[in-house]
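**Student:** First, the structure itself, so that you have it in front of you.
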Amino acid sequence: MLGGAFDPPHLAHVALARTGIAMFSLERLLVRVVADPGHKEVSTQAELRLELARRAFSELQEAEVELDPFARTVDSLEALALEDPVFLLGADEFAALLSWKEPDRVLDLARLGVASRPGSDPARFDEVLGALRRPERVTFFPFQPHSVSSSDIRARVARGERIDGLVPPAVESEIERLGLYADVAPTGAGGMLREDPTERTTPT
């Protein structure tokens, strides 16, 4: 699983999905577009973000993109009742795991695949791992994040700048066709972190 607001989806999301598929030999990747993140604003309606995500991940035959009606990861996992899924997330998001809703229950329902910058110090996560009931269900894997974020893309569009090379071409053309983000104030709400392109938009 890979979740987020995808407002909009960009090349780092696709790269993370591709890396996660290879790392865990996934036959299926469920991409969940969070309908209502709850704790942060989004610039685009859920249905439009869903369409952008479908275009972004269309090149990955393993990817299945759907809307996520839940604002918390544990609630989404409970409803899906998947058999031993892997939930992909970034290192910065994992560092905040203890603030999630029922983090131990999340680990009961899914293994965590944590994308970590190569050469990063794993000791920064010792406190989180030590507080978890099942830390053995956490796997770190190297991932070199792209220098791109959803908030930067929205700001670029609002300034009339090009975004080619930051988002998949199909996403760029749809943003242009629909005039998305042209009048969005360049704030950081809803964006993905440069260091951590897997930031889930729900306060898990």
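The values are calculated or read from the model by the stated rules, or taken from the named source; none is laboratory data. Because the structure is predicted, anything quoted here is derived from the model rather than measured. Here the Cβ positions follow ideal geometry from the backbone for every residue, glycine too, while neighbour counts run over all protein chains shown.
**Student:** Under the condition of being more than 24 Å from Ala158 (Cα to Cα) and among the polar types (S, T, N, Q), which residue from segment 43-69 is farthest from the chain's Cα centre (by Cα)?
**Tutor:** Gln61
**Student:** Which of the residues belonging to segment 95-141 are of a type in the set (Ser, Thr, Tyr) and either buried (at least 17 other Cβ atoms within 10 Å of the Cβ) or assigned to a helix (DSSP H, G or I) (or both)?
**Tutor:** Residues satisfying the conditions are Ser99, Ser116.
**Student:** Scan segment 67-87 residue by residue and report those that are modelled with pLDDT of 95 or more, in a loop (DSSP other than H, G, I, E, B) and within 21 Å of Thr19 (Cβ to Cβ).
**Tutor:** Leu82, Pro85
**Student:** Which residues, taken from segment 49-58, are crowded, with 17+ Cβ neighbours inside 10 Å, of a type outside the set (Phe, Trp, Tyr) and in contact (Cβ under 8 Å) with a residue 12 or more places away in the chain?
**Tutor:** Arg49, Leu50, Glu51, Leu52, Ala53, Arg55, Ala56
**Student:** Scan segment 157-178 and report the pairs whose first residue is in contact (Cβ under 8 Å) with a residue 12 or more places away in the chain and closer than 17 Å to Asp7 by Cβ and whose second residue is aromatic (Phe, Trp, Tyr) and surrounded by 13 or more Cβ atoms within 10 Å (Cβ to Cβ), with Cβ atoms within less than 7 Å and a gap of 6+ or a chain change.
**Tutor:** Matching pairs, first to second residue: Val157/Tyr181; Ala158/Tyr181; Ile175/Tyr181.
**Student:** Something else now. Looking for something in contact with a strand residue (DSSP E or B) (Cβ under 6 Å, 6 or more places away or on another chain), part of a strand (DSSP E or B), acidic (Asp, Glu) and touching a residue at least 12 places away in the same chain (Cβ under 8 Å) - is there at least one such residue anywhere in segment 59-66?
**Tutor:** Yes, because at least one residue in segment 59-66 is in contact with a strand residue (DSSP E or B) (Cβ under 6 Å, 6 or more places away or on another chain), part of a strand (DSSP E or B), acidic (Asp, Glu) and touching a residue at least 12 places away in the same chain (Cβ under 8 Å).
**Student:** Tally the residues that are crowded, with 16+ Cβ neighbours inside 10 Å, over 23 Å from Asp164 (Cα atoms) and among the small types (Gly, Ala, Ser), restricting the search to segment 59-80.
**Tutor:** Number satisfying all stated conditions: 2.
**Student:** Could you say whether any residue in segment 22-41 is buried (at least 17 other Cβ atoms within 10 Å of the Cβ) and polar (S, T, N, Q)?
**Tutor:** No, segment 22-41 contains no residue that is buried (at least 17 other Cβ atoms within 10 Å of the Cβ) and polar (S, T, N, Q).
**Student:** Kindly provide the set of residues from segment 78-101 that are under 12 Å from Met1 (Cβ atoms) and either under 15 Å from the mean Cα position of the chain (by Cα) or charged (D, E, K, R) (or both), ordered by number.
**Tutor:** Passing the criteria: Asp84, Val86, Phe87, Leu88, Leu89.
**Student:** Among the listed residues Val14, Val31, which satisfies the condition of being closer than 24 Å to Ser116 by Cβ and part of a strand (DSSP E or B)?
**Tutor:** After applying the criteria, what remains is Val31.
**Student:** Within segment 152-186, how many residues turn out to be buried (at least 19 other Cβ atoms within 10 Å of the Cβ) and either in contact with a Phe, Trp or Tyr (Cβ under 7 Å, 6 or more places away or on another chain) or among the basic types (Lys, Arg) (or both)?
**Tutor:** Qualifying residue count, segment 152-186: 3.
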